[in-house]
Amino acid sequence: MSTPDHRRRANWAGNLTYSARELVRPGSVAELQDVVAAAAAAGDRVRALGSRHSFSSVADTDGVHVSTRDLDLFVELEGADGEVAVVPGAMTYAEVAPVLHARGRALHNLGSLPHISVAGACATGTHGSGDDLGSLATAVVAVELVTASGELVRLDPAHADFRGAVVALGALGVVTRLWLRTEPTYEVRQRVWEGLPATEVAEQLLAVLGSGTSVSVFTDLSDPATVSSVWVKERLDRPGTLAPCLASRAPATRELHPVPGVDPSAASPQQGRPGPWHERLPHFRASHLPSVGEELQSELFLPREAAPHLLPALASIRDVVAPALLVHEIRSAASDELWLSPLRGRDSVMAHFTWRPEPELVMPALRAVEDALAPWEPRAHWGKITATPELRAPAGAYDLAAFEALRRRLDPGGVFRNDLLPR
């Protein structure tokens, strides 16, 4: 079914109006194959449209947008204990996680908000936090997609091209299903510390990031001497060791929002109350609007050793950054070997920025951030904005040659190509 639904012409934040002339919602995989093959035969372009949470043009096209929400696919478990979950690509983590939990299974990690589609999150290298935890894409053990010829293809680690097919930016085809590695379900408790001395946190940042299963450091730079809050999410079966600056202070006795001063009702439960993994690992409840809604986002991936330098570097450019900033978040993640993953080849610390929806303020501030962090060879998140396009694919960061060879095999006519994708 095709629709000109103009409510779907913009991304989630409203900073981007898509160029696609129509949105098609096939009712089956076979119908999706026909849609893609017909577009390719007509010399048209196609892109999958998921939860629209990308702030960049990674999902845009001047041709046809396709949604896979109506393919009549469901979550399935494979293996004696459900070690692998077969997940429709269009489903969100908020939809998938409760199904897995009810069946006694869990994923290794989740992003800061559960409202994003599984296929889109994996395709752009989206992540949560945790020194030892890889991005959401590292749970993928197979991916099924419709290629430009209309063929349904499944790639798994037995295929030489598998590492190029997971974080693929939608450039290889329309993902229908993913196979995700699961583990037994677990509980997490979340504690938050607020108003910490910035100097102590900066000096101990590596220890702070290692204080729990998943840790986030937030600051809005309104007071350069203070870090707004530190959020520590801890698996009950894997207790952590708090950094001294946390261990010497009591956690907050009230609920907080990651953005200082915002109503905390949308935030996931805190104050050490244990709960299921999928209700604690995200910062936001699935039932509420995530973050603040009207915002821009950017994120830079840096080597782990850059961590102690982040807060001092930002403090030095506070005058230009703070007026544009809603909140800055620092997280960590483990390396992987996926060809286009921003985590490829290095354990990383991520500098994330939630900006006010005012480009005239944001772009100079973002440029200042990217210049200040340039010595640590940052890589920009594929789904977020950047003032320096070269940071999307810095020299040596990705295996672009292998990926381009794969793309040419699966999409020789450039059906899924768009202007953001590396060449």
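Laid out as a table, the results:
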quantity	calculated
Accessible area of the chain divided out per residue, in Å², using a probe of 1.4 angstrom	37
The chain - percent of accessible surface contributed by carbon and sulfur, probe 1.4 Å	52
With Cα atoms, 0 to 90° folded angle of helix 93-102 axis to the chain main axis	80
Dipole moment magnitude, nearest 20 debye, the range 26-150 about Cα centre, only Lys, Arg, Asp, Glu C-beta charged	260
Residues in the range 35-53 reached by a label modelled at ARG21 [backbone nitrogen below 18 Å; 7 Å Cα→Cβ]	35-48
Shape category assigned to the range 186-341 from the gyration tensor of Cα positions, a/c cut at 1.5	rounded
Solvent accessible area, Å² - ASP132, 1.4 Å probe, full protein context	140
Cα-based helix-to-principal-axis angle, 29-41 vs the chain, degrees rounded to 10	70
Surrounding net charge for GLU144, when Lys and Arg each add one and Asp and Glu each subtract one, Cβ distance under 15 Å	-4
Which labelled figure in (1) 32, 25, 19; (2) 34, 24, 20; (3) 48, 29, 16 is semi-axes √(5λ) of the Cα gyration tensor in Å, once derived from the coordinates	(2)
Mean separation of Cα contacts under 8 Å (6+ apart) over length of the chain, as relative contact order %	17
From phi via Karplus (6.51, -1.76, 1.60), per-residue ³J(HN,Hα) for the range 216-229 in Hz, x at Gly/Pro	10, 10, 10, 8, 9, 6, 5, 10, x, 8, 10, 8, 4, 6
Additional length obtainable on full extension of the chain from ARG238 to ASP81, 0.36 nm per residue less Cα span	54.4 nm
Sequence-separation-based contact order of the range 242-296, relative, with Cα cut under 8 Å and 6+ spacing, percent	28
Most mobile listed residue (GLY212, GLY170, GLY413) in the chain, GNM with C-alpha springs under 10 Å	GLY413
Potential lengthening between ARG249 and ASP62 on full extension [0.36 nm per residue; Cα-Cα distance subtracted]	61.9 nm
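The values are calculated or read from the model by the stated rules, or taken from the named source; none is laboratory data. It should be emphasised that the depicted structure is a prediction, and the values quoted were computed from it without experimental measurement. Methodologically, a virtual Cβ is constructed for each residue, glycine included, from the backbone with ideal geometry; neighbour enumeration extends over all protein chains shown. Side chains are part of the model used for accessible areas, which takes the heavy atoms of the whole protein and leaves out ligands, DNA and RNA. Shrake-Rupley method; radii C 1.70, N 1.55, O 1.52, S 1.80 Å.
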